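S.K.: Structure in structure tokens, see below.
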Amino acid sequence: MAPSLDALEHEALAALAQADTSAALQAWHGKYFGTKRAKGELERAMSAIASLSPAERPAFGRRANEVKQALAAAFEAKQAAVKEAELEAAMKAGALDVTLPGATIPRGRLHPSTLTLRRIIAIFARMGFEVYRSPEVETDEMNFGLLNMPPEHPARDMWDTFYTTQPGVLLRTHTSPGQIRVMRERSANGAQPIRVILPGMVYRYEQVTARSEMQFNQVEGLAIGRTITFADLKGVMAEFARHMFGSDTRIRFRCSYFPFTEPSVEVDVYWGLATERDRMITKGTGWLEIAGAGMVHPTVLRNGGYDPAEWSGFAFGMGPERQAMRLLGISDIRYFWQNDLRFLEQF
Ligand code: FA5
């Protein structure tokens, strides 16, 4: 009934005995079990079932399965033996040095900006500030208008930015528009006191130097209440600097101007003046500006839904990268976004 199956089994096993390499085994497997492109000998032999009488078919089918299973088992055993032999040969030839250390998997780490942001957030969290997020793509009105800078206001020149193709939509130049968003949210159902920080990326069309980037983070702070004074702002800034840079850190407040605060200051920390680089980073003063701040302007309070006759508040906007430079000894702000691993792997 099935001489061709017996012959096939015999022939295949004999050929398998001769196949002593992985390549020969693969060729053998292709020939008898088929490949994606071609039918194998087994399948071809099995197709003979069509020419058999119905009475002969069950026995043929059974035998065909037996042959298939026998060949598959023999192949597996031979494959294992060949692999082992090949591995042994490779080891003898010295191709595999089992004493070599394995490939190391590089460990991820946090970006120095993220590390600094987390530190800043933790310090303000201890002082009762919650984190509030606001969008990086803003309207002209939020970024400027509602912050007391109507169109054509000269202060807009300090914050030139990147505009989108949609009129009036831009990349925010500072986190201050978030002030309006929080105030409007917290005054929607009757004005509530506020104590928030708003961390996030800002963008400016400006000359890139060792101390100025065109993309950097800011952390805005806003506190609104019924009895808030400039002394609260000074206290919070001094407390922050003490936790951030150490208790012996010198900070100073310089008179400044922002259209959205009145009075306004700039906050500096002492950097030092030992090297030429220190001179460049601190513009020859020894002091590094880390934040702008002031008492929230009455117009801005009103735009946020707070009555300036009842409410007052302070706000600040600080640059974490400038602080990271001071903390981590980074001498050029351009390193932050160059994505050079030699820099990033140091933190
Ligand atoms: C502002 O952006 C104001 N919105 C800050 C503010 C908020 C004032 C609330 C009053 C009330 P200024 O442009 O100075 O101000 O930026 C604030 C801080 O961001 C600076 O002190 C500095 O630390 C950082 N900063 C500014 N420009 C750059 C830059 N190009 N690269 C890196 N950091 C910068």
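The values are calculated or read from the model by the stated rules, or taken from the named source; none is laboratory data. Only a predicted model underlies this, so the values are computations on that prediction, with no experimental measurement involved. With ideal geometry, Cβ positions are generated from the backbone for all residues, glycine too; neighbour counts draw on all protein chains shown. Remember, those area values only see protein heavy atoms, side chains included, never the ligands or the DNA or RNA. Shrake-Rupley method; radii C 1.70, N 1.55, O 1.52, S 1.80 Å.
S.K.: What lysines sit close enough to Lys83 to cross-link, taking a C-alpha to C-alpha distance under 25 Å and skipping anything fewer than 8 places away on the same chain?
M.R.: Candidates past the 8-residue exclusion: Lys31, Lys36, Lys68, Lys92.
S.K.: Quick one: go through segment 192-227 and flag any residue whose amide nitrogen is under 18 Å from the point 7 Å out along the Cα-to-Cβ line of Leu110.
M.R.: 197-201, 217-220
S.K.: Continuing with the same structure: With all protein chains present, how much of the accessible area of segment 209-347 (probe radius 1.4 Å) comes from carbon and sulfur, to the nearest whole percent?
M.R.: Its accessible area is 50 percent carbon and sulfur atoms.
S.K.: I'd like to check one number: the per residue accessible area of the chain, probe 1.4 Å, reported in Å² as a whole number.
M.R.: 55 Å²
S.K.: Another one. What are the semi-axes of the equivalent ellipsoid of segment 220-347, taken as the square roots of 5 times the eigenvalues of the Cα gyration tensor, listed largest first and rounded to whole Å?
M.R.: Taking √(5λ) for each Cα gyration eigenvalue gives 32, 16, 13 Å.
S.K.: Can you work out ³J(HN,Hα) from phi for every residue in segment 149-159, in order, using Karplus 6.51 cos²θ - 1.76 cosθ + 1.60 and θ = phi - 60°, giving whole Hz and x for Gly and Pro?
M.R.: 10, x, x, 6, 5, x, 5, 4, 4, 5, 10
S.K.: While we're looking at this one, here's another question. Search the structure for amide H atoms under 5 Å from the amide H of Ile290, placed 1.01 Å from N in the peptide plane, and list their residues when 5 or more places away or on another chain.
M.R.: Val267, Asp268, Val269
S.K.: Another one. Using the Cα centre of segment 97-143 as origin and beta-carbon charges of +1 (Lys, Arg) and -1 (Asp, Glu), tell me which of Thr139, Ala103, Ile120 is placed farthest towards the positive end of the dipole.
M.R.: Most positive-ward Cα: Ala103.
S.K.: Over all Cα pairs of segment 15-96, how is the pair count split among 5 Å bins, expressed in % and running from 0 up to the last occupied bin?
M.R.: Each 5 Å bin holds this share of Cα pairs: 3, 14, 19, 17, 15, 11, 9, 5, 3, 2, 1, 1, 0.
S.K.: Considering all projection directions equally, how large on average is the shadow of the alpha-carbon convex hull of segment 118-210, in square nanometres?
M.R.: Its average projected convex-hull area is 7.9 nm².
S.K.: A further question on this structure: Whole-Hz ³J(HN,Hα) for each residue in segment 220-232, computed from phi via Karplus 6.51 cos²θ - 1.76 cosθ + 1.60 with θ = phi - 60°, x for glycine and proline: what do you get?
M.R.: 7, x, 8, 10, 10, x, 8, 10, 7, 10, 4, 4, 5
S.K.: Sequence gap at least 6, Cα distance under 8 Å: using those rules, report the relative contact order of segment 2-92 to the nearest whole percent.
M.R.: 35 percent.
S.K.: Hey, what does the equivalent ellipsoid look like for the chain, semi-axes from the Cα gyration tensor as sqrt of 5 times each eigenvalue, largest first, whole Å?
M.R.: Result for the chain: semi-axes of 76, 28, 18 Å.
S.K.: Can you give me the long-range amide H partners of Phe314? Hydrogens built in the peptide plane at 1.01 Å from N, cutoff under 5 Å, separation of 5 or more residues or another chain.
M.R.: Correct list: Ala223, Val296.
S.K.: I've got another one for you. Taking amide hydrogens as modeled 1.01 Å from N in the peptide plane, which residues meet the under 5 Å criterion relative to Gln215, leaving out close sequence neighbours?
M.R.: Arg204
S.K.: A follow-up question, please. Among Val82, Gln18, Leu52, flag the residue with its Cα farthest along the positive direction of the charge dipole of segment 2-92, charges on Cβ as +1 for Lys/Arg and -1 for Asp/Glu.
M.R.: Leu52
S.K.: Got a sec? Charge dipole of the chain, +1 on Cβ for Lys and Arg, -1 for Asp and Glu; which of Phe129, Ala38, Thr173 is way out at the positive end?
M.R.: Phe129
S.K.: What's the carbon and sulfur percent of segment 2-92's accessible surface, probe 1.4 angstrom, rounded to a whole number?
M.R.: 57 percent
S.K.: Report D for segment 1-141 in µm² per second (integer): Stokes-Einstein, Kirkwood Rh on Cα pairs, 37 °C, 0.692 mPa s.
M.R.: 151 µm²/s
S.K.: Alpha carbon centre of segment 1-66 versus segment 139-199: separation in Å?
M.R.: So the two Cα centres are separated by 78 Å.
S.K.: Counting Lys +1, Arg +1, Asp -1, Glu -1, what net charge surrounds Arg63 among other residues with beta carbon under 12 Å of its beta carbon?
M.R.: -1
S.K.: How much net charge surrounds Gly34 when only the other residues with a Cβ under 14 Å from the Cβ of Gly34 are counted, with Lys and Arg +1 and Asp and Glu -1?
M.R.: Overall, the nearby charge balance is +4.
S.K.: In sequence order, what are the phi-derived ³J(HN,Hα) couplings for segment 326-341 according to the Karplus relation 6.51 cos²θ - 1.76 cosθ + 1.60 with θ = phi - 60°, rounded to whole Hz, with x for glycine and proline?
M.R.: Listing the rounded values in order: 5, 6, 9, x, 8, 9, 8, 5, 5, 5, 4, 10, 7, 6, 8, 4 Hz.
S.K.: Percent antiparallel among DSSP beta bridges with both residues in the chain, to the nearest 5?
M.R.: DSSP beta bridges in the chain are roughly 95 percent antiparallel.
S.K.: Let me check against my output: what whole-number percent is the relative contact order of the chain, with C-alpha pairs under 8 Å and at least 6 apart?
M.R.: Once divided by the residue count of the chain, the mean separation gives 15 percent.
S.K.: Would you calculate a helix-derived [θ] at 222 nm for the chain, using -39,500 (n - 2.57) for each DSSP H run of n ≥ 4 and dividing by the full residue count, to the nearest 500?
M.R.: -12500 deg cm²/dmol
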